[in-house]
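Q: Take this structure, written in structure tokens, and hold onto it; I'll ask about it next.
The values are calculated or read from the model by the stated rules, or taken from the named source; none is laboratory data. Note that the coordinates shown come from a computational prediction; the quantities given were computed from them, not determined experimentally. Ideal geometry is used to build each Cβ from the backbone, glycine not excepted, and the neighbour counts take in all protein chains shown.
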Amino acid sequence: MAEVLDFSSNRSAPAARGGGSVSPRGTSMLPLLLAALLARLVFLFVGPFYIRPDEVFQALEPAHRLLTGHGVITWEWHEGIRSWLLPGLIAAIMQASAWVGLGHSTLVVQGVFATLSLAVVAVAVRCGQAFAGRTGALFCGVLTAFWPDTVLDGSHTLSESQAGNLLAIGTMLASVMLRRAWAGGRQASSWEPCGIGLLLGFATILRFQLIPGVAVVLVAAWLTDGRRRGAVMLLGAALPLAGQAVLDTMTLGAPLQSIWKNLEVNLVEHRADLFGRSSPAFYLFEMVQYWGAALLPLAACFVAGVRKARLAGLVVAAVIFSHSVIAHKEFSFIAGTVPLILVVAGIGGAMLLARPGPRSGPNRSRIPPASWAALAIVAMCVTTLFSGYKSLRRDHASLPSLMRQARQVPGLCGLALYVGEQQWWIWTGGYSLLDRDVPLYLLRAPADFATAASGFDALLVDEGVLAYLPTSYRLVRCLHGACLLHRDGSCLPNGSHLMQDEAGLGLPIQPGSIRW
């Protein structure tokens, strides 16, 4: 029975196996954290892009509307199935950015989130140290600092990215606490399980779909560390839920409406299925596509490490399985499992490196094998980032770049997105990126253009329709098939085809519903 309930490792295994005993205070994490922050900020400011449109229209856009009154309202907000917690936090950061003269900057928001994501790296180092000594701390730290998903996701405002980070941090801290309990070490104070519970609770209200993973941690704590501490962790997790009930009542009209109505709309009415259905093997295929050859050593090390870091492995399995049985899937839905996969793989890599091998000769290298392995990990991360994620960064950056350029147009009095039957408007960033007090139009047909033409002086269109536009527009810039144009002159007030007034915005357009 004890073997079944041991979610961390063998009690008789020393904490330092896999790299020698080193106090966490003996090695500073500061250089690693600074390097991790630099990597995140480089990709944020040099080539900003969106992973998915939801990070704009479910987070940045409602926050911008909360502050300025300007913001596109998608169908989810009309239905009342989204929480105001994340947009409220973002609005506070935007307001601080405006106070210091930077406007309601999305880059400032993302910079704050990138800095907060360093907590994943710091806790991963601690977890690696507890399970596999200094080598484990090194491998787990380097992997979470430079792996493409953690670098790119850290600054993004997707609820699954931020909730996933909280789940990963809570799981790693719980793993360390439960391992210490099984090893007969210092018992956790009541504050420690309560803090872990708070992290798990906030992960739940940011993305309730992570409940299977949260449940695994809570059950493991209850069975392994005694009912009292399990109850304290459960209480900590319940506090954010109580707060969310109050927030939903104040903003949506009913307690926890952002959870139960979301389930009703997407699982009962199958609204989410309109956005695509995928096979149960979707997440495996996505890992192969994005991670490529790096998946093989990562998987081998994960298999080796999961024997020790069992709790993290169970959480990964619970989250991926529960998302695999749902028809609509996005790779970002399992973002919270990636740091845990990396940490388990880092622990496994340290265990494999610690296995006895042939004795070194007298001319052995002065550089420890763990250091060479860490350099190889960095090379693997960089190679994966610039290969598997190249198209993602390129294709999702062009429209935000043109939107930022439109924001700089002198005297801008209105902007139109001329999209036809396509849905590329979802990648533009809306008002949160434009951040100008001007009308934003959504045009789907030539008749729409003629009706609303007096209300805008800038136009964002597909390159293929340039020949059909009035000659009064001059080309500002084209990028990957999209073009920004501008005309001289002023705008006249026009209430037709305003983007934020369009009902059902964000739902897929049915083929044949629009005629040219």
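Matching residues to (1) in contact (Cβ under 8 Å) with a residue 24 or more places away in the chain; (2) outside any helix (DSSP H, G or I); (3) in the same structural domain as Leu385 (by TED's automatic domain parsing); (4) more than 24 Å from Leu295 (Cα to Cα):
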residue: Val109; (1), (2), (3), (4): yes, no, yes, yes
residue: Val112; (1), (2), (3), (4): no, no, yes, yes
residue: Thr115; (1), (2), (3), (4): yes, no, yes, yes
residue: Val123; (1), (2), (3), (4): yes, no, yes, no
residue: Cys127; (1), (2), (3), (4): yes, no, yes, no
residue: Ala130; (1), (2), (3), (4): yes, no, yes, yes
residue: Phe139; (1), (2), (3), (4): yes, no, yes, no
residue: Val142; (1), (2), (3), (4): yes, no, yes, no
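Q: So, one more: Name the residues in region 376-421 that are β-branched (Val, Ile, Thr) and part of a helix (DSSP H, G or I), would you?
A: Of everything in region 376-421, those that are β-branched (Val, Ile, Thr) and part of a helix (DSSP H, G or I) turn out to be Ile377, Val378, Val382, Thr383, Thr384.
Q: Every residue in region 270-292 that is more than 18 Å from Ala335 (Cα to Cα) and at pLDDT 95 or above, please.
A: none
Q: Within region 176-187, identify whether any single residue is surrounded by 14 or more Cβ atoms within 10 Å (Cβ to Cβ), over 26 Å from the mean Cα position of the chain (by Cα) and not in a helix (DSSP H, G or I), and answer yes or no.
A: The answer is yes; a qualifying residue exists.
Q: Here is a list of conditions, (1) at pLDDT 90 or above; (2) surrounded by fewer than 17 Cβ atoms within 10 Å (Cβ to Cβ), and Gly20 meets all of them except one; can you say which number that is?
A: Checking Gly20 against (1) at pLDDT 90 or above; (2) surrounded by fewer than 17 Cβ atoms within 10 Å (Cβ to Cβ), the one that fails is (1).
Q: Pairs please, first residue from region 165-183 and modelled with pLDDT under 95, second anywhere and of a type in the set (Phe, Trp, Tyr) and not in a helix (DSSP H, G or I), Cβ atoms under 7 Å, 6+ apart in sequence or on different chains.
A: Final answer for the pair search is Leu178/Phe7.
Q: Go through region 60-77 and give me each residue that's surrounded by fewer than 23 Cβ atoms within 10 Å (Cβ to Cβ) and either part of a loop (DSSP other than H, G, I, E, B) or aliphatic (A, V, I, L, M) (or both).
A: Matches in region 60-77: Leu66, Leu67, Gly69, His70, Ile73.
Q: Same structure, new question: Regarding Arg393, is this residue among the charged types (D, E, K, R) and more than 20 Å from the chain's Cα centre (by Cα)?
A: No, not satisfied.
Q: Next up: For Val319, indicate whether it is crowded, with 21+ Cβ neighbours inside 10 Å and part of a helix (DSSP H, G or I).
A: Yes; evaluated as a whole, the condition is true for this residue.
Q: Could you list all residues from region 484-495 that are exposed (fewer than 14 other Cβ atoms within 10 Å of the Cβ) and free of Cβ contacts under 8 Å to residues at least 60 places away in the same chain?
A: Asp488, Gly489, Leu492, Pro493, Gly495 - these are the residues of region 484-495 that are exposed (fewer than 14 other Cβ atoms within 10 Å of the Cβ) and free of Cβ contacts under 8 Å to residues at least 60 places away in the same chain.
Q: Pick out the one residue from Leu158, Leu198 that is over 15 Å from the mean Cα position of the chain (by Cα) and assigned by TED's automatic domain parsing to the domain that holds Trp99.
A: Leu198
Q: Can you name the number of the only condition in (1) touching a residue at least 40 places away in the same chain (Cβ under 8 Å); (2) farther than 20 Å from Thr74 by Cα; (3) crowded, with 20+ Cβ neighbours inside 10 Å that Gly481 fails?
A: (3)
Q: Let me ask something else. Can you find even one residue in region 328-349 that is among the charged types (D, E, K, R) and surrounded by fewer than 16 Cβ atoms within 10 Å (Cβ to Cβ)?
A: Among the residues of region 328-349, not one is among the charged types (D, E, K, R) and surrounded by fewer than 16 Cβ atoms within 10 Å (Cβ to Cβ), which makes the answer no.
Q: Quick one: in region 462-494, of everything that is under 22 Å from Ser391 (Cα atoms) and part of a loop (DSSP other than H, G, I, E, B), which residue is nearest to the chain's Cα centre (by Cα)?
A: Within region 462-494, the match that is nearest to the chain's Cα centre (by Cα) is His480.
Q: Is there any pair with a first residue in region 310-321 that is within 9 Å of Thr171 (Cβ to Cβ) and not assigned by TED's automatic domain parsing to the domain that holds Val176 and a second that is crowded, with 19+ Cβ neighbours inside 10 Å and charged (D, E, K, R) whose Cβ atoms are under 8 Å apart and which are 6 or more apart or on different chains, and what are they?
A: Listed pairs, sorted by first residue: none to list.
Q: If you go through region 198-219 one residue at a time, do you hit one that is assigned to a helix (DSSP H, G or I) and farther than 27 Å from Ser324 by Cβ?
A: Yes - at least one qualifying residue is present in region 198-219.
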